[in-house]
1. Report, to the nearest 10°, how far helix A:109-135 tilts away from the longest principal axis of the Cα atoms in chain A, using its own Cα long axis and a range of 0 to 90°.
2. Just subtract the alpha-carbon distance of B:His105 and B:Glu141 from 0.36 nm times their residue separation and send over the number in nm, one decimal.
3. Using only atoms on other chains, find how many Cβ atoms lie within 10 Å of each Cβ of peptide A:94-105 and report the average.
4. Quick check on my link table: of A:Lys18/A:Lys109; B:Lys16/B:Lys70; B:Lys89/B:Lys225; B:Lys16/B:Lys225; A:Lys109/B:Lys147; B:Lys70/B:Lys188, which ones sit more than 19 Å apart, alpha carbon to alpha carbon?
5. Give the shape of region B:1-125 as rounded, prolate or oblate, defined through the alpha-carbon gyration tensor: a ≥ b ≥ c are the square roots of its eigenvalues, a/c under 1.5 means rounded, and otherwise the shape is prolate if a/b is larger than b/c and oblate if not.
6. Excluding the sites themselves, what is the longest stretch of chain A that contains no trypsin sites (Lys or Arg not before Pro) in a DSSP loop with at most 11 other C-beta atoms within 10 Å?
7. Test of understanding: given chain A, find the longest segment containing no chymotrypsin sites (Phe, Trp or Tyr not before Pro) that are in a DSSP loop and have at most 15 other Cβ atoms within 10 Å.
8. If we count every other residue with Cβ under 14 angstrom of A:Gly258's Cβ, Lys/Arg +1 and Asp/Glu -1, where does the sum land?
Amino acid sequence: MQLSLSDYVKGWFKHTNKSERIWLMAKIEFKLRYYENKMGLLWALMKPISDVAVYYVAFKIIMKIGTPNYVPFVFLGIILFNYFAECTVGTIPILQTKRYLYEYTNMDKLEIYLSVILSNFIGFIFNLVIFFVFCQFIPIRLNFHIVFLPVLLLTLMILSLGFSLILSNLYLFAKDISQIWGILCSVLFWLSPVIYPVEKFHTSFPSLEYINPLSGIIANTRTILMENKSPDWQLMGFDLVYACFFLLVGIALLKNLGPNASEKL
Amino acid sequence: MEHTHDIAIEVFRLHKTFNIRDDNYNTIKQRFFHIFNPTPIRHLQALKDIHFSVRKGECIGIIGGNGSGKSTLVKCMANVYQPSQGYVKLTGTMMLMNLGVGMSHELTARENTYVSGSALGLKIAQIDKIFDEVIGFAELEEFVNTKIKYFSTGMVQRLAFSIAAHAGADIMFLDEVFAVGDQKFIEKAVRVIERSWIDGRTTVIVSHSMAVIEKYCQKVAYMKKGNMLFYGDPRTAIDMYVNDASSHAQPE
C-alpha cells in the first residue's frame, strides 16, 4: 500500500501490464467511437472538414481575411482545438461511465484517463495525416522544424489530461460542471487563435497567449509546420510548465476526491 | 500461529459512516441557491468498528439480514468505498463480483474478457491462451462477438465468474453471485471455488444461502446493524443468525 513515488513510476513501465492495458483500452475506446456506425472513420474526418468549409466561406469569402493558405491554417487550428475539447468535454462524466473498470478490480483510475486521452489522440493523428496529405498540393513544404511537433503535442496531451482530471473530479460534487464547461469551451474557442492568426490578438489582448495555454500551442504548431520557423521558445516552455501545473492539480484532485467516486455517483 | 505474510485481507478497526442529505444538492446552481439554508446532514453508521483478518487461501462467509452492512463491508474491503476510520489492507489482485458485474455493456464478450483479464494483471498473450477456456466455461461460445447488453443476467454473471476464475484474481469477493446462475452453473462455480483454495486464493462470499455458506466457508462473520457480532465457526454464526431471525419473526 505504502509505495514510494519511484516504485509507483517504475510500476507503470516494468513488471506490469499497465502500458499494454492502457493501449488495449484506448483501441477499444476508439473502436467504440468510430466503428459503431457504417461511416466509421469517415466521421473522424467529417467534423474538421465541415468546420473548415464553414469558416472558409465566412472568413475568406465573406469577410476577406488576408491570411495566406487559409484552409490548412484553419484545419490545423481546428484539429488541435477539437482534440482538447474532446478530451475535456467528453471525459467529464468518465468516473461514472467507466466505473465498471475501477469498481470491480484494483485498476488505477489514472489508467482510464490515459486510455481515453490516447484514444482521442489516435483520431487526432488521422486528422494530422490529412493535413500532411493536403500540404502536398499547396506551397507548404515541411522541413526539419517538424522535430518540435512531438513536444507541442505532448504539451497538448498533458494539458488535456490535466483539465480532464480536474473537471471530472469536480463533477463528483457539481453535476452541472458539464454545462458550464460547454460554455467556457466555446468562449475558449474564440479566445484561441483557431480561425484568426495570433497576431490579430496582440493588438486587442496583448498577453493572451500567456493566459490561454492553447493559444501558444496552436500558434507554435503553425509556426513550425506552415512557416518553417523555430517555435517561440519562451512560449513553448511556458506552455509546457503551465500544462504540467494543471496535470499536478488534476492528479492531486484525483487522489483526494477520486476515492469517493463510487459513493458520490 | 498467524504470520503477517499469510494475511490476504486485514480489516483494522473499520468504521463507515454515510453522510446523507435528504435533498441531494449536486449542482453549483443548487448549492448557490441554498447557501443560507443547507439541509441537515444525517449520519448513517453503516459499519461500526469491524476488526478481523482473512488468511491466504481461506474462504469466509458473511451473513446477516438486509441492511446489516454486508455489502458495504465487502465494498470497503474491496476499496470501492473509503473507510471513515480504520483501514483495509489487501495483498494481491482482487475482483469484486456482485449483481452489477464489472463489465461494459457496450463491449462484446471478447472485449470484456480482454479488458477484465488485463485489469486482473494478465498480459494479452496470457489471455489469448485462456480465452477459449473462459468462454467454454461460461458456455458462451456462440456469443463471443455479441455485446453483453443483449445477454441475460445469468450469462453476464457466468462470463464474469469465468474470467475471475481463470484469470486468477488472488482475492475474490462474491456478493450474492449464487442468486442468478442456474443450478448447473452454480455447481460448476462451486467446484471452481473449491479448486481455488488449493491454488491458495482467498474468497469472501456474501450469501443468503446458508447451504452454500455452511458447505464452503471455514469461517463465517455474522453482521447485524453494522456490527460484527461473531466471526469464526460457521455453525455458530448460522445458528445465531437463524435464531435472531426467528425471534424477530415471532412477536412476544
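Nothing in this text is a laboratory measurement; each read-out follows from the coordinates by a stated rule. Keep in mind that what you see is a predicted model, and the values were worked out from it rather than measured. Quick reminder, even Gly has a Cβ in these numbers, built from the backbone with ideal geometry, and neighbours come from all protein chains shown.
1. Its long axis makes an angle of about 20 degrees.
2. Working: separation 36, 0.36 × 36 = 12.96 nm, distance 1.79 nm.
Result for the pair: 11.2 nm of gain on full extension.
3. On the way: counts 0, 0, 0, 2, 1, 4, 12, 6, 4, 10, 18, 15.
Mean inter-chain Cβ contacts per residue within 10 Å come to 6.
4. Values: A:Lys18/A:Lys109 12 Å; B:Lys16/B:Lys70 12 Å; B:Lys89/B:Lys225 23 Å; B:Lys16/B:Lys225 12 Å; A:Lys109/B:Lys147 24 Å; B:Lys70/B:Lys188 25 Å.
In this structure, B:Lys89/B:Lys225; A:Lys109/B:Lys147; B:Lys70/B:Lys188 lie more than 19 Å apart at Cα.
5. Details: a/c = 2.49, a/b = 1.32, b/c = 1.88.
Cα axes put region B:1-125 in the oblate bin.
6. Numbers: sites that count: A:Lys14, A:Lys38, A:Lys64, A:Arg141.
Segment A:142-265 is the longest.
7. Numbers: sites that count: A:Tyr35, A:Phe137, A:Phe173.
Answer - A:36-136.
8. Working: positive: A:Lys98, A:Arg99, A:Lys109, A:Lys255, A:Lys264; negative: A:Glu103, A:Asp108, A:Glu111, A:Glu263.
For residues surrounding A:Gly258, the net value is +1.
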